[in-house]
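Where a number appears in this text, it was derived from the coordinates with a stated rule and is not lab data. Computed from a predicted model, the values in this text were never measured in an experiment. Note: ideal-geometry Cβ built from the backbone for every residue, glycine included; neighbour counts use all protein chains shown.
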Amino acid sequence: MFVVMQAGATEAQIQGVIDRLVELGFTVHRSTGVVHTVLGGIGPVENIELADFEVMDGVKECHRIMSPYKLASRQLRPGGTVIKVRDVEIGTPKVVVMAGPCSIETPAQVEAAAAAVARSGARIFRGGAFKPRSSPYSFQGLGEDGLKMMREAADRHNLLTVSEVMDQAQIEAMLPYIDILQVGARNMQNYTLLKELGHIDRPVLLKRGISATIEELLLSAEYVLSGGNEKVILCERGIRTFESATRNTMDLSAIPVVKQLSHLPMFADPSHGTGRRDKVIPMARAAVAAGADGLLIEVHPDPDRALSDGAQSLRPNQFDELMRQLRMIAQAVGREM
């Protein structure tokens, strides 16, 4: 259930409602908006009379949340969530782009990639230091050495960083270097990892699993949110279907669906969504038109020699042209880059 407090409700009135919810066995999550404070209660809502709360001092209205995901539901925050990471805000009308190589390989490669994406207008540098690969014989990443390279290159070009965490044991090692921790498709239902990420004060980029429904994605987000970490960014990265023309099937309809169901920012990853360099640009354009709050794009200075996912990585000049096109599309749909 959620309780919307009146504009101007006093702290004592808000605390009175919180105390009553706790007394009845609820866990309470407080959200303070521009006008109203909203209290989300997770607990035995079936046994509660809403009128008992509606007559309490300072309460505007009270509702049950019927969806299985309570904290991720847009009912809790109708205006949407904005996540601020240093000077970057995610979830506003401004579309945010994360770009960089699939894997951190060498200092020269990282520097060239960071310089290219920053020059074209990306705000966040993406790169993998721990790589979950389908084959145990494929390149697995450079680990902490890769994280250091990534952080140094990002700092030189005034970029934030995002990189994938594969296991809860890696979280502590990544925190000094990475501004946003990414949970990949393979780990979307790694509930032990999600619970740990719920206990840290660091944004989490949560990718949809290759066979996951939208409800399952939102329930995975619920694990992080229920731990106390409200900084969750969702990401559509393509799902597995019978189609073989592309690496995955990019489900663009998931963007407006999630935006309607949840207050969390929604990104799109057309690189993994298609697996083909020539398809990344049109799908990135379509994602912005569909309402995505941001994009995750793979960019490599020499993709033909990339150690992983070179076929889906844009060259710097292609990324620059994409950003130019996205500025026009964003403006056409009432957004900006």
Notebook entry, point to check: Taking residue 320 and the conditions (1) in contact with a Pro (Cβ under 8 Å, 6 or more places away or on another chain); (2) touching a residue at least 60 places away in the same chain (Cβ under 8 Å); (3) not hydrophobic (A, V, I, L, M, F, W, C), which numbered condition does it fall short on, given that it satisfies the others?
Noted result: (1)
Check: Do any strands (runs of 3 or more DSSP E) entirely within region 9-82 hold 2 or more residues that are within 20 Å of residue 220 (Cβ to Cβ), and if so, which?
Finding: 27-32, 37-42
Margin query: Looking at (1) under 30 Å from residue 78 (Cα atoms); (2) part of a helix (DSSP H, G or I), which one does residue 271 not meet, given that it meets all the others?
Written below: (1)
Checklist line | Lone qualifier among 326, 234 - being surrounded by 19 or more Cβ atoms within 10 Å (Cβ to Cβ) and more than 19 Å from residue 185 (Cα to Cα) | finding: 326
Check: Which of the residues belonging to region 259-289 are over 12 Å from the mean Cα position of the chain (by Cα), of a type in the set (A, V, I, L, M) and buried (at least 24 other Cβ atoms within 10 Å of the Cβ)?
Finding: 280, 284, 287, 288
Check: Can you tell which of 118, 154, 99 is within 21 Å of the chain's Cα centre (by Cα), in a strand (DSSP E or B) and in contact (Cβ under 8 Å) with a residue 12 or more places away in the chain?
Finding: 99
Checklist line | Near pairs, Cβ below 9 angstrom, 6+ apart or cross-chain, from region 288-310 (touching a residue at least 12 places away in the same chain (Cβ under 8 Å) and more than 29 Å from residue 91 (Cα to Cα)) to any residue that is assigned to a loop (DSSP other than H, G, I, E, B) and among the polar types (S, T, N, Q) | finding: 303/313; 306/313; 307/138; 308/138
Check: Looking only at region 35-67, which residues are among the aliphatic types (A, V, I, L, M), free of Cβ contacts under 8 Å to residues at least 24 places away in the same chain and closer than 19 Å to residue 9 by Cα?
Finding: 51, 55
